Amino acid sequence: MNILMISDVYFPRINGVSTSIETFRRALSERGVNSTLIAPAYPGAERDEPDLLRTPSRYIPLDPEDRMMRSSAIRLRHADLQTQGFDAVHIHTPFVAHYAGLEIARKLGLPCLATYHTFFEEYLFHYVPMLPKSWLRSLARRFSRGQCNAMDRVIVPSRAMASALSNYGVRQPLQVLPTGIPEEQFHGGDGCYFRNRYGISKDKQLLLYVGRVAHEKNISFLLDMVDHLRRSNPRVLLLITGEGPALPSLQAEAERKNLNAHVRFLGYLDRGSELHDCYRAADLFVFASRTETQGLVLLEAMALGTPVVALADMGTRDILAGERGCRIAPPYADSFADLVGKLLDDSASLHQLGEEARETALEWKAEEMAARLESVYAETIASRFPASKLRPA
């Protein structure tokens, strides 16, 4: 099987979409499923690599992290793509990639799938605050409905996202398929080394947030939570890793609330090494986003034995269901703080929760999710070409 993927974002841009694509491509490759990815060229990552086609892109005003691919450059690849024997096109983002991917699929006569990674309904108003939220929500729903209904099948990372798209009026088949955790994510990490490197004493009780530092991640809620918690637990320290557009305002907020002794912003950490150390060092992983289609970082933390306390909104509900290795927090900063404080005060329960976290994460292995994606591809191809069950030569 040979799949053409296309996305408006990929490494070195770090986010959940990039991680999901990389995880699935590696696991699919181990199953003998080939994939070629069309993605933007970034400064420093501009050349093609084997099975990775970097497309000329331009700077996006007010969004220095991302790039916009040039549709004309993608079209120049059409003739070469026709010779590659692809069986399906898999779109991962709804911008240039969506329309270019659909054009390629139609030109090559291939079935076309899309993964709906981002809950745009609760995303846009953070970046276009001058328009009424109701307008933006309606726009996001119409936009998503039209794009999804143009697909042969739509993949969603959680049941909540499948329900949302159904309510939008999406009528194409919806397949719930979360991103899994690679085998290497369950190993490594040195918490003591991490504490020593950053000068964090052993008596500090570490809370950790990992992810894009963006407005929709609701990190300000975590600052409020720590503000409450420090009054009963002066040893608490929240580590915020990652970067993004909300970083300056969050740093200013921490300063206003006199949280400098209880909050540290660490920036990006290398996912293959230092981030593992960070997870291992943490006593709890805390998460308050209400817009996640899955919440992959929760599983990353749990895979390394770090228990999770989070709000159960959208995609995080599937991970938090059953509260094995995790706890669902109330949606109020003071109540969230009370729950975290009780867990930090009970080392035996915290240790047990860490063991449960690893066991739970094992149920989300990348290999299993890749096997399910391969089946989705096969079913989609067969539904387009029912006589032969294969793409015509």
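Annotations
- Cα centroid separation - the stretch 32-109 against the stretch 294-364, whole Å: 37
- Among beta bridges that DSSP assigns inside the chain, antiparallel share in %, nearest 5: 15
- For the chain, a simple Cβ point-charge model (Lys and Arg +1, Asp and Glu -1, everything else neutral) yields a dipole of about 1120 debye relative to the Cα centre.
- Between the stretch 273-287 and the stretch 209-249, the Cα center-to-center distance that results, in Å: 14
- A Förster distance of 35 Å, applied to the separation of the beta-carbon atoms of Lys107 and Phe11, puts the FRET efficiency at 0.80.
- Loop chymotrypsin sites (Phe, Trp or Tyr not before Pro), the stretch 288-393 (other Cβ atoms within 10 Å of the site Cβ: 15 or fewer; DSSP): Tyr332
- Cα-based shape type of the stretch 183-364, given that a ≥ b ≥ c are square roots of the gyration tensor eigenvalues and the cut on a/c is 1.5: rounded
- Sequence-separation-based contact order of the stretch 116-232, relative, with Cα cut under 8 Å and 6+ spacing, percent: 20
- Stretchable slack from Asn233 to Ser383, in nm (0.36 nm times residue separation minus alpha-carbon distance): 48.2 nm
- In the stretch 183-364, a dipole from Cβ-located charges (positive for Lys and Arg, negative for Asp and Glu) runs towards its positive end, and of Val263, Gly211, Ser289 it is Val263 whose Cα lies farthest in that direction.
- Among Ala246, Ser273, Met225 - extreme Cα towards positive end, dipole of the stretch 222-318, charges at beta-carbon: Met225
- Residues of the stretch 302-328 with an amide N closer than 18 Å to a point placed 7 Å from the Cα of Arg358 along the Cα-to-Cβ direction: 302-308, 324-326.
- Gyration tensor (alpha-carbon) shape descriptor, the stretch 215-313, a/c threshold 1.5: rounded
- Its relative contact order, with pairs defined as Cα atoms under 8 Å and 6+ residues apart, puts the stretch 183-364 at 25 percent.
- Cross-link pairs beyond the 25 Å C-alpha cut-off, checked among Lys107/Lys365; Lys202/Lys342; Lys133/Lys257; Lys202/Lys365: Lys107/Lys365; Lys133/Lys257; Lys202/Lys365
- Counting only Cβ charges, +1 for Lys and Arg and -1 for Asp and Glu, the dipole size of the stretch 183-364 around its Cα centre is about 580 debye.
- As a rough guide to protection, the peptides 6-19, 34-47 ranked by mean Cβ packing within 10 Å, highest first, stand as 6-19, 34-47.
- Every helix of 4 or more DSSP H residues in the chain counts as -39500 (n - 2.57), and over all residues that averages to -12500 deg cm²/dmol at 222 nm.
- Full extension of the segment from Arg47 to Arg145, taken as 0.36 nm per residue of separation minus the current Cα-Cα distance, would add 31.8 nm.
- Theoretical FRET efficiency, 1/(1+(r/R0)^6), r = Cβ-Cβ of Leu62 and Glu255, R0 22 Å, to 0.05: 0.35
- Considering only Pro234, Val308, Gly109, and ranking their Cα positions along the charge dipole of the chain that arises from unit charges at the beta-carbon of Lys, Arg, Asp and Glu, the one farthest toward the positive end is Gly109.
- Relative contact order (%) - criterion: Cα under 8 Å, at least six apart; region: the chain: 15
- Three-way shape call for the stretch 153-227 based on the alpha-carbon gyration tensor, with the a/c threshold at 1.5: oblate
- Sparse packing (at most 12 other Cβ atoms within 10 Å of the Cβ) combined with a DSSP loop state is found for none of the chymotrypsin sites (Phe, Trp or Tyr not before Pro) in the stretch 196-262.
- Highest mean packing comes first when the peptides 148-159, 237-248 are listed by Cβ atoms within 10 Å, giving 148-159, 237-248.
Throughout, read-outs are computed from the coordinates displayed, never taken from laboratory work. Quantities reported herein were computed from a predicted structural model and do not represent experimental measurements. Neighbour counts run over all protein chains shown; Cβ positions are idealised from the backbone, glycine included.
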